[in-house]
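Peer 1: Input: one structure, supplied below.
The values are calculated or read from the model by the stated rules, or taken from the named source; none is laboratory data. Keep in mind that this is a model prediction, so the values were computed, not measured. Cβ sites come from the backbone with ideal geometry, for glycine too, and all protein chains shown count toward neighbours.
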Amino acid sequence: MAQFTRVSGSVGLITLQNPPVNALSAAVRQGIIDTVQRSLSDPKVKSVVICGQNGIFCGGADIKEFGSDMRGPPLVPMIHTIEAAHKPVVAAIEGIALGGGLELALGCHYRIAHSKARLGLPEVTLGLLPAAGGSQRLPRLIGVPAALNLITTGRHVTAAEALQLGIVDVVTDHNTVDAAVKFALSAAGETGQPLDARRISTHPCPRPSDLDALFEEVMHKVRQSARGAIAPVACVQAVRAAATLPYTQGMEREKELMATLFTSGQARALQYCFFSQRAVGRWSMPSGACWDTSKPRPVHKAAVIGLGTMGRGITVALAQTGLSVVAVETQEKQLVEAKQAVSGMLQRGAKRHGVAPALDKISYSQDIQAVADVDLVIEAVFEDMALKKKIFQQLSAVCKPGTFLCSNTSGLDVDHLASQTRNPELVVGMHFFAPAHVMKLLEVVYGPRSSPQAVATAMQLGKKMGKVSVAVGNCRGFVGNRMLKPYMEQALFLLEEGATPELVDRALEEFGFAMGVFRMSDLSGLDVGWRVRKADGLVEPGTASGQSARIRQGRRYSPLGDLLCEQGRFGQKTGRGWYQYDKPGSRVARADPWLHGFLEEYRARHGLVARQIHHQEVLERCLYALINEGFRILEDGIAAGPEDIDTIYVFGYSWPRHRGGPMFYAAMVGLPKVLERLEHYHQAHPDVPYLQPCGLLRRLVASGSPPVQRWREVIKKLHSHL
Ligand code: NAI
């Protein structure tokens, strides 16, 4: 709702009240209309200030209302009434003015912001556009290029940038409402022309001379980075309408475009992502322990063991969070390089954020004894169980009682590591993604003996580090990497059957992945998986040409990756992999005729006849195999719900956000269709167990394919029957 009070005699103060962010729910909109009308009809009120309670102006539309029928007064006429008011209306912006909140402020005649406020139109991130006049008023106020940048990216701006752009009139370090009231008192006499000039919708939109070229260029860029998302494209079209049409026609266009977006599956997917990201914070363990009942312990000092690719990034992320860090690396050369690399990353990060680099937070050592007094350790040495076991034994002996011991392993058994220590309840996995100071995802892996407090502490530390943390159970590869295995396996089989890396990658990139599976594997290094397969006894040198080369443990196996590694083709780092690169380390992948020849020879050797493979088959086989494993993960209780899996895929594996995540996508495609296609492919490839439809998928289909939000009920029932 909105409260009306009269302050300083003649200023009507309207306060939005809807915790936590004063979202524009139906009740708030009604409250604004009532209080604005009251202010305008009260002769004692000469000017009006709109603010929000608890130091927050307004976080925008109430996203909870999106799914339901919109009730209450619509925003557009409400904002028009404010703009058309014959008394000056001032927005006092504290905290945030986002989305509909900023659109409301743009309808006011003046905007005063606190120096710490943030403003923006983030609708695009929810698959929408600012459709309460935002796409029409902002370009009129700050010009087309700046408005395009804000609206198509949804980025937030600081008060200082908002002032520079001309979004706000004044920025204050003092009490914003007091400043706005003072301002309103001085503007009270304004009627007629001075006030007319403040109504943004009446301004002509500044038209750059090269308008067509500008829009063409922006549209090209937006389409490239949107990876198939339609909202950014609609945002450009709406701003174009502002630049080329009179205001009322522009508003019509804004409405039309919004209607298309609103009913699109993409908006639903993006809103699902928004809620999923929040839902993963409310984690639970099969024991029933959960976020609500488990208290984290504070972590002030942490240690990182092993300063390779991951350890360096983790050290930077911890120091940037304000923790003291002891960084341990046994190899002298690595230590020297790591110090340089960490300092460089900290300095660059500090420069970007205009703060001092946290260099003094880190102490380096070659001796594991240096970690004796830390609260939490993150081990990031080579992916080698024997080595990790030894380190956990040492840590257990060296660290003070109660120190949490975490491993950044990508998939080894966390419980096995815990069993090496005196207090297995203190052990969890903290699986970061490369580069660890940039990537948002953190899988927090609990073993059967991990205490809820250890999970709560790792989850809270992840949150402090700005990560999206997801609690998952302990199994080979956890959630993300476990699902990746059948996906990569299918991609290799497709090569055997006639595809090329380019064809497979193109299909996946058109679907919306930032990188196809082969480009991705060239980037992360083919040798990593090769080493794991060797340790698992899957790589059998010399048998590549024999009968057993394509079968392991009774199931189909593709040795293609192993064969490339045997030739020293590790990907970007060696300048050759599934593609060729101009030089080692170069990022530009080019199709490699050698590889095509190699594939032909391989097929001939194994009596495989290449056939034409269509994009649809690539998508179905790679994605449905991955999704099928997602169902198994849910069935096994490794992830608590589909939201956890989807959040992991969106934040850690570049799954296109506008497709919600693999499990949401399966629901969008239709579970019966996914089941039918898996059955079809499993029949064609009976020696590929990953293609055999999972029991949970069958069960969901049998129970009428409920929406993804209701899968947890089916899973719960399944577990209670076991
Ligand atoms: P890396 O090979 O770059 O670095 C490992 C470092 O550990 C080396 O500097 C090595 O000298 C050091 N080390 C070895 N034994 C040590 C000991 N006893 N004490 C202290 N330091 C020691 O490895 P990377 O890529 O950083 O991987 C580390 C861990 O993170 C592995 O478990 C890996 O599976 C996992 N991981 C890797 C990801 C990646 O993309 N590279 C992503 C997520 C997890």
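Peer 1: Scan the range 319-348 residue by residue and report those that are touching a Gly at 6+ places or on another chain (Cβ under 8 Å) and among the aliphatic types (A, V, I, L, M). Explain how you work it out, then say what you get.
Peer 2: Applying the first criterion (touching a Gly at 6+ places or on another chain (Cβ under 8 Å)) to the range 319-348 yields 320-321, 327-329, 334, 338, 345.
Of everything in the range 319-348, those that are touching a Gly at 6+ places or on another chain (Cβ under 8 Å) and among the aliphatic types (A, V, I, L, M) turn out to be Ala327, Val328, Ala338, Met345.
Peer 1: Just to be sure I understand, how many residues within the range 373-408 are loosely packed, with under 15 Cβ neighbours inside 10 Å, within 16 Å of the ligand (Cβ to nearest atom) and over 30 Å from Arg533 (Cα atoms)?
Peer 2: Count: 1.
Peer 1: If you go through the range 152-161 one residue at a time, do you hit one that is within 24 Å of Ile33 (Cβ to Cβ), at pLDDT 95 or above and either among the β-branched types (Val, Ile, Thr) or buried (at least 23 other Cβ atoms within 10 Å of the Cβ) (or both)?
Peer 2: Going through the range 152-161, the residues within 24 Å of Ile33 (Cβ to Cβ) turn out to be none.
Scanning the range 152-161 turns up no residue that is within 24 Å of Ile33 (Cβ to Cβ), at pLDDT 95 or above and either among the β-branched types (Val, Ile, Thr) or buried (at least 23 other Cβ atoms within 10 Å of the Cβ) (or both).
Peer 1: Separate question: Does the range 482-492 contain any residue that is assigned to a loop (DSSP other than H, G, I, E, B) and farther than 24 Å from Gly308 by Cβ? Show your work before the answer.
Peer 2: Looking only at the range 482-492, we keep the residues that are assigned to a loop (DSSP other than H, G, I, E, B), and these are none.
No, the range 482-492 contains no residue that is assigned to a loop (DSSP other than H, G, I, E, B) and farther than 24 Å from Gly308 by Cβ.
Peer 1: Six or more apart or on different chains, Cβ atoms under 7 Å: show the pairs whose first residue is in the range 405-419 and in the same structural domain as Leu442 (by TED's automatic domain parsing) and whose second is polar (S, T, N, Q) and within 11 Å of the ligand (Cβ to nearest atom).
Peer 2: Ser410/Asn481; Gly411/Asn481; Val414/Ser407; Leu417/Ser407
Peer 1: Just to be sure I understand, how many residues within the range 342-363 are surrounded by fewer than 17 Cβ atoms within 10 Å (Cβ to Cβ), under 26 Å from the mean Cα position of the chain (by Cα) and in contact (Cβ under 8 Å) with a residue 24 or more places away in the chain?
Peer 2: So the first thing to find is which residues in the range 342-363 are surrounded by fewer than 17 Cβ atoms within 10 Å (Cβ to Cβ), and the list is 343-344, 347-348, 350-356, 359-360, 363.
From what is left, the residues that are under 26 Å from the mean Cα position of the chain (by Cα) are 344, 347-348, 350-355.
Retained after the next criterion (residues that are in contact (Cβ under 8 Å) with a residue 24 or more places away in the chain): none.
The number of residues fulfilling the criteria is 0.
Peer 1: Give the residue that is surrounded by the most Cβ atoms within 10 Å (Cβ to Cβ), with candidates limited to residues of the range 1-16 that are under 39 Å from the mean Cα position of the chain (by Cα) and more than 17 Å from Thr176 (Cα to Cα). Let's see the steps before the verdict.
Peer 2: Initial filter on the range 1-16 (under 39 Å from the mean Cα position of the chain (by Cα)): 1-3, 13-16.
Now narrow it down to the ones that are more than 17 Å from Thr176 (Cα to Cα): 1-3.
Working: Met1: 15, Ala2: 23, Gln3: 12.
So the residue we want is Ala2.
Peer 1: Please find, among Leu494, Leu523, the residue that is at pLDDT 95 or above and of a type outside the set (Ser, Thr, Tyr). First the steps, then the outcome.
Peer 2: Details: Leu523 fails: at pLDDT 95 or above.
The match here is Leu494.
Peer 1: Something else about it: Given the structure, is Ala289 under 30 Å from Ala226 (Cβ atoms), more than 16 Å from the ligand (Cβ to nearest atom) and of a type in the set (Gly, Ala, Ser)?
Peer 2: On the way: under 30 Å from Ala226 (Cβ atoms): no; more than 16 Å from the ligand (Cβ to nearest atom): yes; of a type in the set (Gly, Ala, Ser): yes.
No; evaluated as a whole, the condition is false for this residue.
Peer 1: Within the bounds of the range 322-329, is there any residue that is within 15 Å of the ligand (Cβ to nearest atom), of a type in the set (Val, Ile, Thr), part of a loop (DSSP other than H, G, I, E, B) and over 16 Å from Gly462 (Cβ atoms)?
Peer 2: Looking for residues that are within 15 Å of the ligand (Cβ to nearest atom), of a type in the set (Val, Ile, Thr), part of a loop (DSSP other than H, G, I, E, B) and over 16 Å from Gly462 (Cβ atoms), one finds none in the range 322-329, hence no.
Peer 1: Next up: Which of the residues that make up the range 298-322 are touching a strand residue (DSSP E or B) at 6+ places or on another chain (Cβ under 8 Å) and within 22 Å of Pro452 (Cβ to Cβ)?
Peer 2: Narrowing the range 298-322 to residues touching a strand residue (DSSP E or B) at 6+ places or on another chain (Cβ under 8 Å): 299-307, 310-311, 313-315, 317-319.
Of everything in the range 298-322, those that are touching a strand residue (DSSP E or B) at 6+ places or on another chain (Cβ under 8 Å) and within 22 Å of Pro452 (Cβ to Cβ) turn out to be Val299, His300, Ala302.
Peer 1: Scan the range 578-585 and tell me whether some residue there is surrounded by fewer than 18 Cβ atoms within 10 Å (Cβ to Cβ) and in contact (Cβ under 8 Å) with a residue 40 or more places away in the chain.
Peer 2: First pass over the range 578-585, keeping only residues surrounded by fewer than 18 Cβ atoms within 10 Å (Cβ to Cβ): 582-585.
Retained after the next criterion (residues that are in contact (Cβ under 8 Å) with a residue 40 or more places away in the chain): none.
Checked the range 578-585: no residue is surrounded by fewer than 18 Cβ atoms within 10 Å (Cβ to Cβ) and in contact (Cβ under 8 Å) with a residue 40 or more places away in the chain.
Peer 1: Given the residues Lys389, Lys400, which is the only one that is assigned to a helix (DSSP H, G or I) and either of a type outside the set (A, V, I, L, M, F, W, C) or closer than 18 Å to Ala456 by Cα (or both)?
Peer 2: Values: Lys400 fails: assigned to a helix (DSSP H, G or I).
When all the criteria are applied, what remains is Lys389.
Peer 1: Of these, Gly429, Gly411, which one is within 11 Å of the ligand (Cβ to nearest atom), modelled with pLDDT of 95 or more, small (Gly, Ala, Ser) and under 23 Å from the mean Cα position of the chain (by Cα)? I'd like the intermediate steps shown before the answer.
Peer 2: Values: Gly411 fails: modelled with pLDDT of 95 or more.
Just one listed residue meets the conditions, Gly429.
Peer 1: Now, a different point. Only one of these conditions is not met by Pro19: (1) farther than 24 Å from Asp169 by Cα; (2) in contact (Cβ under 8 Å) with a residue 60 or more places away in the chain. Which number is it?
Peer 2: Only one criterion in (1) farther than 24 Å from Asp169 by Cα; (2) in contact (Cβ under 8 Å) with a residue 60 or more places away in the chain is unmet by Pro19, namely (2).
Peer 1: Limited to the range 292-311, what total is found for residues that are more than 9 Å from the ligand (Cβ to nearest atom) and surrounded by fewer than 23 Cβ atoms within 10 Å (Cβ to Cβ)?
Peer 2: Looking only at that region, the number is 10.
Peer 1: When you scan the range 22-56, how many residues do you find that are assigned to a loop (DSSP other than H, G, I, E, B), under 39 Å from the mean Cα position of the chain (by Cα) and surrounded by fewer than 19 Cβ atoms within 10 Å (Cβ to Cβ)? If you could, list the steps in order and put the result at the bottom.
Peer 2: First pass over the range 22-56, keeping only residues assigned to a loop (DSSP other than H, G, I, E, B): 22-23, 25, 42-46, 56.
After this cut, where a residue has to be under 39 Å from the mean Cα position of the chain (by Cα) as well, the list is 22-23, 25, 56.
When the remaining residues are screened for being surrounded by fewer than 19 Cβ atoms within 10 Å (Cβ to Cβ), the result is 25.
Here the count works out to 1.
Peer 1: Would you mind listing the helices (runs of 4 or more DSSP H) fully within the range 578-682 where at least 1 residues are within 17 Å of Met483 (Cα to Cα)? Walk me through it before giving the result.
Peer 2: Numbers: elements: 593-605, 615-635, 642-652, 662-669.
Per the criteria, 615-635, 642-652, 662-669.
Peer 1: For the range 504-543, enumerate the residues that are buried (at least 19 other Cβ atoms within 10 Å of the Cβ) and away from the ligand (no atom under 16 Å from the Cβ).
Peer 2: Scanning the range 504-543 gives Val504, Asp505, Ala507, Leu508, Phe511, Phe513, Gly516, Phe518, Val539.
Peer 1: Looking at the range 414-426, which of its residues are more than 26 Å from the chain's Cα centre (by Cα) and within 15 Å of the ligand (Cβ to nearest atom)?
Peer 2: Quick first cut of the range 414-426, residues more than 26 Å from the chain's Cα centre (by Cα) only: 415-426.
Matches in the range 414-426: His416, Leu417, Gln420.
Peer 1: Find all pairs meeting these conditions: Cβ atoms under 8 angstrom apart; at least six residues apart or on different chains; first residue within the range 367-392 and more than 13 Å from Ser407 (Cβ to Cβ) and modelled with pLDDT of 95 or more; second residue more than 10 Å from the ligand (Cβ to nearest atom) and in a helix (DSSP H, G or I).
Peer 2: Ile368/Leu395; Ile368/Val398; Gln369/Val398; Val371/Leu395; Val371/Val398; Ala372/Val398
Peer 1: Next up: Name every residue in the range 95-125 that is surrounded by fewer than 24 Cβ atoms within 10 Å (Cβ to Cβ) and over 30 Å from His658 (Cβ atoms), in order of residue number.
Peer 2: Correct list: Tyr110, His114, Ser115, Lys116.
Peer 1: With the requirement that a residue be surrounded by 18 or more Cβ atoms within 10 Å (Cβ to Cβ) and among the small types (Gly, Ala, Ser), what does the range 637-685 give you?
Peer 2: The answer is Ala639, Ala640, Gly641, Gly652, Gly660, Gly661, Ala666, Ala667.
Peer 1: What's the number of the only condition in (1) among the aliphatic types (A, V, I, L, M); (2) buried (at least 17 other Cβ atoms within 10 Å of the Cβ); (3) closer than 21 Å to Thr457 by Cβ that Ala338 fails to meet?
Peer 2: In the conditions (1) among the aliphatic types (A, V, I, L, M); (2) buried (at least 17 other Cβ atoms within 10 Å of the Cβ); (3) closer than 21 Å to Thr457 by Cβ, Ala338 misses (3) alone.
Peer 1: Just to be sure, is Leu691 surrounded by 22 or more Cβ atoms within 10 Å (Cβ to Cβ) and either in contact (Cβ under 8 Å) with a residue 60 or more places away in the chain or farther than 30 Å from Ser287 by Cβ (or both)? Break it down stepwise before answering.
Peer 2: Values: surrounded by 22 or more Cβ atoms within 10 Å (Cβ to Cβ): yes; either in contact (Cβ under 8 Å) with a residue 60 or more places away in the chain or farther than 30 Å from Ser287 by Cβ (or both): yes.
Yes, satisfied.
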